[in-house]
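Below is one structure; the comments refer to it alone.
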Amino acid sequence: MNVLLIGSGGREHALAWALAASPLLSRLYCAPGNAGIAEVAECVPLKTDDHAAVIRFAREKAVDFVVVGPEAPLVAGLADDLGAAGIKVFGPSRAAAQLEGSKGFTKDLCAEFNIPTGAYRRFTDAASAKAYAASQSLPIVIKADGLAAGKGVTIAMTRAEADAAIDTCFAGAFGAAGHEVVVEEFLDGEEASFFALVDGKNALALATAQDHKRVGDGDTGPNTGGMGAYSPAPVMTPALVRRTMDEIILPTVRGMVARGTPFRGVLFAGLMLTADGPKLIEYNVRFGDPETQVLMMRLKSDLLAALLATADGVLDNFDLRWSDDVALTVVMASKGYPGEYTKGTEIRGLDAAAAVDGVQIFHAGTERRDGRIQATGGRVLNVTALGRTVSDAQARAYAAVDKIDWPGGFCRRDIGWRAIARERQEKAGG
Ligand code: AMP
Ligand code: GLY
């Protein structure tokens, strides 16, 4: 079958790499793609916010299945429009994508269906938001309601910081996303990323993963989209996976059915593992980036068959096999990220790096110009490795990083540190 993948990041490169290995695949297109994706798919310069153009392309190329990577097209209703045109699609409807598109929507769903999450209130004016925040204990979390590319969240340590964050939202720093503000209880614990394929009624948990959100070593500095990840996440024991499915994912799936907007696609729960058990921080309606890069390295089953089963509503008869190895990815970013950075710096040494045993390099923001690879984004490369242990995978990933000649880039040097500390502890404990 012919497949069109929408997106241009490291997540999409990993998805394209896995889709390309499917025996079901004839041709793989990716819009718009990047220099790495071009090695496994035919990249097409489609404007993906032009839904009519996507539908025209799909008809012209006899595309049987469209896989949507990022959240923005889903929130904009691309899956609805493709569905209405009779084209099969992986990804939720606009209504179901509200799980990511509106934090208030998700918080209300949690309240209605008894899903554990931080206490919260929604506000449409600054004075009431500030008054409520002042009545709560510190730290307190202030969030723009809508999509703000990960920048709409402030963990305020003081009342002044909370007030400033509320003012920033209502002053329009996040555009329409900040017209409503959610003030939320601070949750204490370790974070984990939890993924489940959901076909409307049934949910199938994927392998566990954790990412590193902060830009600096030791998990310090500003939040980013993710500076690295690994799978499995040793903190996610089978008992915690069960609780997450029973207390968070399945009630959400049932709640969306009850509301008449069943969810189909991949549900990505950002979890806080608190002393009282897993609590939902937020939902995303797409695969994680860079978590997908490590999941795809460990997936032994056919990804395309799994995504089709999700779209077809037949996940109840489906299972996935995963490698017992550990996968770890190091994100290389343009210097300055997540702030201002220079575009167009040249990257060399990729072939030597990719030749390191167990290593795959996924491109997140690159372009090929006159035969040279240039960085075009903030997060640029995902240097990903499989190993028997987290330490092995980490050593391989950094051996590859060290072969990359890119003066314009940087990366964290400690990806996987929590998992490695757990590995050492287990060894020491026998
Ligand atoms: P979000 O965009 O909602 O995923 O938030 C970004 C990051 O902010 C999360 O990954 C957490 O690290 C942090 N965060 C968000 N909400 C909370 C909360 N209620 N308590 C503690 N940390 C939070
Ligand atoms: N790595 C977190 C995300 O994809 O949002």
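Charged side chains reduced to their Cβ positions (Lys and Arg at +1, Asp and Glu at -1) give the chain a dipole of some 260 debye around its Cα centre. Our summary gives the chain a relative contact order of 16 percent, counting only alpha carbon pairs under 8 angstrom and 6 or more residues apart.
Spin-label model, residue 351/residue 158: points 7 Å from Cα along the beta carbon direction are separated by 5.6 nm. Listed values for the range 83-88 are Karplus-derived 3J(HN,Hα) couplings in whole Hz (6.51 cos²θ - 1.76 cosθ + 1.60, θ = phi - 60°), namely x, 5, 8, x, 9, 5, and x replaces Gly and Pro.
Per-residue SASA remark: residue 107, around 10 Å² accessible (1.4 Å probe; ligands, DNA and RNA not included).
Between residue 223 and residue 201, the simple label model (points 7 Å from Cα in the Cβ direction) yields a spacing of 3.7 nm. Amide hydrogen proximity for residue 299: with H placed 1.01 Å from N in the peptide plane, the residues at 5 or more positions away or on another chain lying under 5 Å are 323. Subtracting the Cα-Cα distance of residue 314 and residue 257 from their residue separation scaled by 0.36 nm leaves 18.9 nm. Here the label points at residue 42 and residue 426, each 7 Å from Cα along the C-beta direction, are separated by 4.5 nm in the simple model. Looking at the chain alone, DSSP beta bridges between its own residues are antiparallel in about 80 percent of cases.
Take peptides 404-411, 382-389 and line them up by average Cβ neighbours within 10 Å, highest first, as a rough protection proxy. Provide the component values of the computation, followed by the final result.
Working: 404-411: 17.8, 382-389: 23.4.
In descending order of packing, they fall as 382-389, 404-411.
Rounded to the nearest whole Hz, the Karplus-based 3J(HN,Hα) values (6.51 cos²θ - 1.76 cosθ + 1.60, θ = phi - 60°) of the range 394-409 follow the sequence 5, 4, 5, 4, 6, 4, 6, 3, 5, 8, 8, 9, 8, x, x, x, with x at glycine and proline.
With a 10 Å radius around each residue's Cβ, average the other Cβ atoms per peptide and rank 18-31, 198-211, highest first.
Values: 18-31: 18.1, 198-211: 21.4.
Descending packing order for the listed peptides: 198-211, 18-31.
For the range 275-329, the spread of Cα coordinates along the three principal axes comes to 36, 27, 20 Å, biggest extent given first.
Taking 0.36 nm per intervening residue step and subtracting the Cα-Cα distance, what contour gain separates residue 124 from residue 190 on full extension?
The residue 124-residue 190 span can extend by a further 20.7 nm.
Stretch residue 246-residue 402 to full length: gain in nm at 0.36 nm per residue minus the Cα-Cα span?
Additional length available on full extension: 51.9 nm.
Taking all protein chains as they are arranged and a probe of 1.4 Å, the heavy atoms of residue 348 leave approximately 140 Å² accessible to solvent. Between residue 228 and 212, 331, the built amide H atoms are under 5 Å apart, and every one of these is 5 or more places off in sequence or on another chain.
Here is how the number arises for the chain: DSSP H runs of 4 or more residues each give -39500 (n - 2.57), the sum is divided by the residue count, and the result at 222 nm is -8500 deg cm²/dmol. Counting heavy atoms of the protein chains alone, residue 63 has an accessible area of about 10 Å² for a 1.4 Å probe.
Sites listed here are GluC sites (Glu not before Pro) in the range 190-273 whose DSSP assignment is loop and whose Cβ has at most 13 other Cβ atoms within 10 Å, and the list is empty. Shape annotation for the chain: C-alpha extents along the principal axes are 58, 53, 47 Å, from largest to smallest.
The values are calculated or read from the model by the stated rules, or taken from the named source; none is laboratory data. All values reported here derive from a predicted model rather than from experimental measurement. All Cβ positions, glycine included, derive from the backbone under ideal geometry; neighbour counts span all protein chains shown. Accessible surface areas use protein heavy atoms only, side chains included; no ligands, DNA or RNA. Shrake-Rupley method; radii C 1.70, N 1.55, O 1.52, S 1.80 Å.
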